[in-house]
Each structure stands twice: as structure tokens, then as C-alpha cells.
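Since the structure comes first, as C-alpha cells, the remarks are kept for the end.
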Amino acid sequence: MSNQLQNTSSLSTAGTWNLLDVRNSSPVRTAELRPLPVSPWDIALCVTGTLISCENAIVIAILFYTPTLRAPMFILIGSLAFADLLAGLGLILNFVFIYMLNTEFATLISVGLLIAAFSASVLNILAITVDRYLSLYNALTYHTERTVTFTYVVVVLIWLVCITLGLLPVLGWNCLRDEASCSICRPVTKNNAVVLAVTFLLVFALMMQLYLQICKIAFRHAQQIAVQHQFMAISTTKGVSTLSVILCTFAACWMPFAMYSIVADSSYPMIYTYATVLPATCNSVINPIIYAYRNPDIQKSLWLACCGCVPSNFSLRPRTSSDV
């Protein structure tokens, strides 16, 4: 994602051409080309991609080798981990393509992979939010209605949509032949970037609405049994705090990039693109912690895989309607 204007910024700092001249320059002018210096921003994105890949590879391995983790919730968590894993690998490949294989086709493949992966990550987070809402709203019939087959169908639909989005640059929806129409993420066009950003804002608005409904349902359940089980009110308060952290983290990571994609274009300084892209990628670092490693079942499997035993003070508490 960061390769869009990388070679332009490095050459312009050397005083050879300006930004527009570099984009439209002919490959014949090889005598003026200099070795591309490594940008610290690209190093940061590559390191972030490595961390993302390692974190989510562990989650996928745990879910794959633990037969008991096959409930719809874990299928969605696995799909999210796979999307973030691809995002991490995409950031690493993007770094390789910038400095070792800087061609148009490599650029299209790299950007397409990142679009598909990050879109799948956002949509899987939305699917997990919907799943949590249904588990509270239809608590009595949830386990009969939300079958594993239905969850797999939802996951397949999510990935079909995201793969289609990722293929658009390769199929010609790019600005390689019309630099004036480029967004802050070359070769994505300005119009496509705006559509993706607005879609993200709609997803975020839907998540906020669902989490508000979750809070209302959780508080109502807690009030109904507060006399017999006082701890439920404490659990609900903790759950609301968790929801606040989830929404604030999601917004802090993605909102700057989404808003900047709407108002800016390729003429804006590249430093601003890097400054908004890096927090967005950090969301994939946080996702495994929020959605996977906090889960008691996954924690137990992780302890068994790493140590061969479970600590004596480890409590595998069943989930209640107040847990989020």
C-alpha cells in the first residue's frame, strides 16, 4: 500500500524531477535513476506486517489443531485471523516489491492483496459484532439458528466480496494510465478510494448501533437478576468497558485513513499517507488480542500448546449474556 508514490518521493528529494515528472517519466532515462533509499516508513510497515503475520499465524494454528474450537464464534475469529495474516504478508510483499521488483504488475498485485485482506478484516469484525448481538438478542434459539454451515456461508460471502474488490485494480480499475485520477494510494483511483472509505464509515456506524443494542440488552439482563447475582452487574460494567475499548480502538486506527482518503488525493504530501496508513495497519496487530487471546478457550489451548499444562489458577469460566 505504501509503494504508490515511494519512488517519486525519493527521486524528488534527490533534486532530479518533481513528483509529477517522475510518474510520467520514460523508463529510457535510466542514466538519471539512482538507487532507491529505504524509507523508515516502509521499514515500519514491514515490521508491522511481520508482527501481524506472527500473531495471527498462532491464532490460526490454535484453531486448526483444537477440534473443540469449531463453534460459529471461532470460525469467525479464524476468518478474521486469516484476513489479518494476509494483510501482514501483503505489507511484507509490498516492501519487497518496492525495493526489489518495482513493476506495474507487482504494484497491482500488492495493492489488490492489501485491499482484499483489509476489507476482509473489517467485514469479519462486523460479522463478529453481529454474532455477538444475535447471541444476546436470540439467546434461547441462538445455538439452533446459528449453525456452523450458516457461518461458513457468511464467511464465504465475505471473502467473495473482498476478493472481487482486490481484483479490481488488476482488471483495469487503476490510475496507472491517468495519474491525475490517483488517490493517496496509487494505483487506486480517487473514486474507488472514496467508495471504500464511505463503506468503512457505514460499517463503523452499524457497529456502533449494534454495540449500543448489546449494552442495552446486557444491562437489562443484569438488572433482572441483580438481586440474586450481584456479580452480574459488575460483569456487565466490565463488558461495557470492553465494548468502549473495541470501538475506540477500531475508530482510532481506521478513521484517520478513511477521512484522509476522502479529502486528499495524490498531490498531497506522501508523509500524510504514511501517517494514516500505519495506524490502520496497527488494527490488525490489536485484533488477535481483542478477539482471540482474551477468549478463555483459546487461552487454555495456548497454555496446553506452549507448556503442556494449564495453570492451577486458570479459570475457564463459561460465557454469559453479559460477556462481550
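Label positions at Leu206 and Ser267, each projected 7 Å from the Cα along the C-beta direction, are separated by 3.5 nm.
At 0.36 nm per residue, minus the direct Cα-Cα distance, what do Cys306 and Tyr152 gain on full extension? Give it in nm, one decimal, please. Here the segment from Cys306 to Tyr152 would lengthen by 52.5 nm. Placing +1 on the Cβ of every Lys and Arg and -1 on the Cβ of every Asp and Glu, with nothing else charged, gives segment 40-303 a dipole about its Cα centre of roughly 720 debye. Reported value for segment 40-303: 133 Å³ per residue, from the convex hull of its C-alpha atoms. Excluding ligands, DNA and RNA, the accessible surface per residue across segment 40-303 is 47 Å² with a 1.4 Å probe. Taking 0.36 nm per residue of sequence separation and removing the Cα-Cα distance, the Ala139/Cys248 pair yields an extension gain of 36.6 nm.
Sorting Leu302, Leu85 by accessible area puts them as Leu302, Leu85; the probe is 1.4 Å, largest comes first, and only protein heavy atoms count. Peptide packing: for 178-188, 256-266, 160-170, the average count of neighbouring Cβ atoms within 10 Å per residue gives the ranking 178-188, 256-266, 160-170, highest mean first. Among Met255, Met100, Met207, the order of accessible area from largest down is Met100, Met255, Met207, computed with a 1.4 Å probe on protein heavy atoms. Projecting the Cα atoms of Val148, Ser261, Ala61 onto the charge dipole of segment 40-303 (Cβ charges, centred on the Cα centre) puts Val148 farthest toward the positive pole. Can you work out the FRET efficiency for the pair Ala180 and Ala275, with r the C-beta to C-beta distance and R0 = 22 Å, to the nearest 0.05? The value I calculate is 0.40.
Using a cutoff of 8 angstrom between alpha carbon atoms and counting only pairs six or more residues apart, the relative contact order for segment 40-303 works out to 23 percent.
With θ taken as phi - 60° and the Karplus curve 6.51 cos²θ - 1.76 cosθ + 1.60 applied, the whole-hertz 3J(HN,Hα) list for segment 175-190 is 10, 5, 9, 9, 4, 5, 8, 6, 8, 5, 10, 5, x, 6, 6, 4 Hz, x standing for glycine and proline. Computed from backbone phi with θ = phi - 60° and the Karplus coefficients 6.51, -1.76 and 1.60, the 3J(HN,Hα) list for segment 252-269 is 5, 6, 9, 4, x, 5, 5, 5, 5, 5, 6, 8, 9, 9, 5, 7, 6, x Hz; x is used for glycine and proline. Only one residue of Phe105, Cys185, Val203 has its Cα farthest out toward the positive end of the dipole of segment 40-303, where Lys and Arg carry +1 and Asp and Glu -1 on Cβ, and that residue is Val203. Spin-label model, Thr103 to Leu171: label points 7 Å out along the Cα-to-beta-carbon direction sit 2.3 nm apart.
The values are calculated or read from the model by the stated rules, or taken from the named source; none is laboratory data. All values derive from a computational prediction rather than experimental measurement. Reconstructed Cβ throughout: ideal geometry from the backbone, glycine too, with neighbour counts over all protein chains shown. We work out accessible area using only protein heavy atoms, side chains counted, and drop any ligands, DNA or RNA first. Shrake-Rupley method; radii C 1.70, N 1.55, O 1.52, S 1.80 Å.
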